[in-house]
1. Which condition does Ile206 not pass, out of (1) assigned to a loop (DSSP other than H, G, I, E, B); (2) in contact with an Asp or Glu (Cβ under 7 Å, 6 or more places away or on another chain), if it passes all the others?
2. Only one of (1) loosely packed, with under 15 Cβ neighbours inside 10 Å; (2) in contact (Cβ under 8 Å) with a residue 40 or more places away in the chain is not met by Gly195, so which one is it?
3. Applying the selection to the range 297-331, what residues are near the ligand (Cβ under 10 Å from one of its atoms) and assigned to a loop (DSSP other than H, G, I, E, B)?
4. Out of Leu334, Leu338, Leu343, which single residue is within 17 Å of Gly55 (Cβ to Cβ), surrounded by fewer than 22 Cβ atoms within 10 Å (Cβ to Cβ) and either away from the ligand (no atom under 16 Å from the Cβ) or of a type in the set (A, V, I, L, M, F, W, C) (or both)?
5. Going residue by residue through the range 58-77, is there one that turns out to be in contact with an Asp or Glu (Cβ under 8 Å, 6 or more places away or on another chain), modelled with pLDDT under 95 and either open to solvent by 20 Å² or more (accessible area, probe 1.4 Å) or more than 14 Å from the ligand (Cβ to nearest atom) (or both)?
6. Quick check: anything in the range 224-233 over 27 Å from Thr156 (Cα atoms), surrounded by fewer than 24 Cβ atoms within 10 Å (Cβ to Cβ) and away from the ligand (no atom under 16 Å from the Cβ)?
7. Within the range 97-134, which residues are more than 16 Å from the ligand (Cβ to nearest atom), within 14 Å of Ile71 (Cα to Cα), within 22 Å of the chain's Cα centre (by Cα) and of a type outside the set (Gly, Ala, Ser)?
8. If you go through the range 234-244 one residue at a time, do you hit one that is over 27 Å from Thr167 (Cβ atoms), modelled with pLDDT under 85 and in contact with a Leu (Cβ under 9 Å, 6 or more places away or on another chain)?
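The values are calculated or read from the model by the stated rules, or taken from the named source; none is laboratory data. These numbers come from a predicted model, not from an experiment. For neighbour counting, all protein chains shown are included, and Cβ atoms are generated from backbone atoms with ideal geometry for every residue, glycine included. Surface accessibility is based on the protein's heavy atoms, side chains included, excluding ligands, DNA and RNA. Shrake-Rupley method; radii C 1.70, N 1.55, O 1.52, S 1.80 Å.
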Amino acid sequence: MTGTTPLLARTLTLPNGARLGNRLAKAAMSECLGDLELAPTEGHVRLYRRWARSGAGLLITGNIMVERTAIGEVGNVVVDDERDMGLLRRWASAGKEHGAHVWAQLNHPGRQIPVTLNARPVAPSEVPVANTAGLFRSPRELTHGEVETLVTKFATTAGILVRAGFTGIEIHAAHGYLISQFLSPATNRRTDAWGGDRDRRRRFLIEIVRAVRAEIGEVVPLAVKLNSADFQRGGFDQFESAAVVSALADEGIDLLEISGGTYESTAFMGLPAEPVKASSEEREAYFLDFAQRIRQQVSLPLLLTGGFRTTTGIADAIGSDEIDVAGLARPLALEPDLPARMLDGTSTASTVRHRTLGIRRLDGASDLLWHTTQLWRMADGKDPAPGRHPLITMAHYFSRLAPYTLHRIVRGTRSTSRDGYVVRTRGPAEH
Ligand SMILES: Cc1cc2nc3c(=O)[nH]c(=O)nc-3n(C[C@H](O)[C@H](O)[C@H](O)COP(=O)(O)O)c2cc1C
């Protein structure tokens, strides 16, 4: 062990008594391994078996969607009933093989659904996604009854996943997806019970937290991933976020994960839109300033994700009691055993770096696709390929998605249902 590793190796007991084996977490990365029926596959099982040996005390799954008409990407998994219990159980067990906690992340994309997947997405208000070259259609405003139904759907999904063996639940309230759309004054223009002031803007999240807690009980850890800010003028700012954190602490959640940004300003990838910059530029973690402020305000365990790359950077943040756990996403797409090596002192830094095509508008997307294809390699039983050119991974990405498109064309299913969803029929189990 080096001087920094004992700090990383300390266990953490959460408010509900659950114990994490160390201070390193694999942050959520959408695996895009689901099949045409939006079900998990053997790829999830193989990938999580690999990450089970990563050394991280906590593995958070990529976002699992709560509603069948609302997936954010091809390959998302939807859990709204028990039809896929067998594979869900095997996915959870694979991740737990070496004692890590495996938490399922729940999400609804709201207006952030590409037009190819839903031509009429829903959102708190009819505010379209800007700067995304027509990829997203203008959303329809949810009715009061639909909002209530969605609260129930989050709880239903959480219950199924806990019965399948996932050891905790994380609600995705960050990155511009539906809950984040409700939180932001820029996207929530409602004047009913779900918008109009900050208490009502956060009501959707708070109701979901209550419904999920009622479903999973006190013993199962419940976490929320929240933006420190969405880095947009007139949007969700640090002050409003701090108020949401206090409300979440009052609800008795077990852990808060801090992130930031949306598709319009990808600060969570270290790429905020000009002119608003992410904080903590002199330190490797993007949102550390916000974590410091929150630390003074609440006694909630904090997981910070975004930019951590070195044992020194992580140990500094934990040692100075700014955060409790460090989240690593992209480093674990490339170096799946990095936490173990950081813990035994054989590695002090990740070699991961931004993989872009050099076109600023596409930087966030190309970096995401590059890392997604590395997950696919591991899901196929291969090692990541760090030297791959972003253009090659782009080709890999789109060729793997081609069967979906072909399937729709050949079967004549590329029609749109009443609620805007691009209709599917049965297809091959793996892609
Ligand atoms: C391929 C990929 C997929 C991601 N999918 C998700 C997701 O499903 N849910 C989520 O909360 N964040 C997701 N993220 C964001 C990461 O959890 C994390 O916040 C971000 O990558 C910054 O952390 P890093 O610097 O350690 O990569 C994804 C990131 C990548 C690279």
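1. The single condition Ile206 does not satisfy is (1).
2. (1)
3. Hits for the range 297-331 are Gly306, Gly307, Phe308, Arg309, Ala329.
4. Just one listed residue meets the conditions, Leu334.
5. The answer is yes; a qualifying residue exists.
6. Scanning the range 224-233, I find at least one residue that is over 27 Å from Thr156 (Cα atoms), surrounded by fewer than 24 Cβ atoms within 10 Å (Cβ to Cβ) and away from the ligand (no atom under 16 Å from the Cβ), so the answer is yes.
7. Within the range 97-134, Arg111, Val115, Thr116, Asn118, Pro121, Val122 meet the criteria.
8. no
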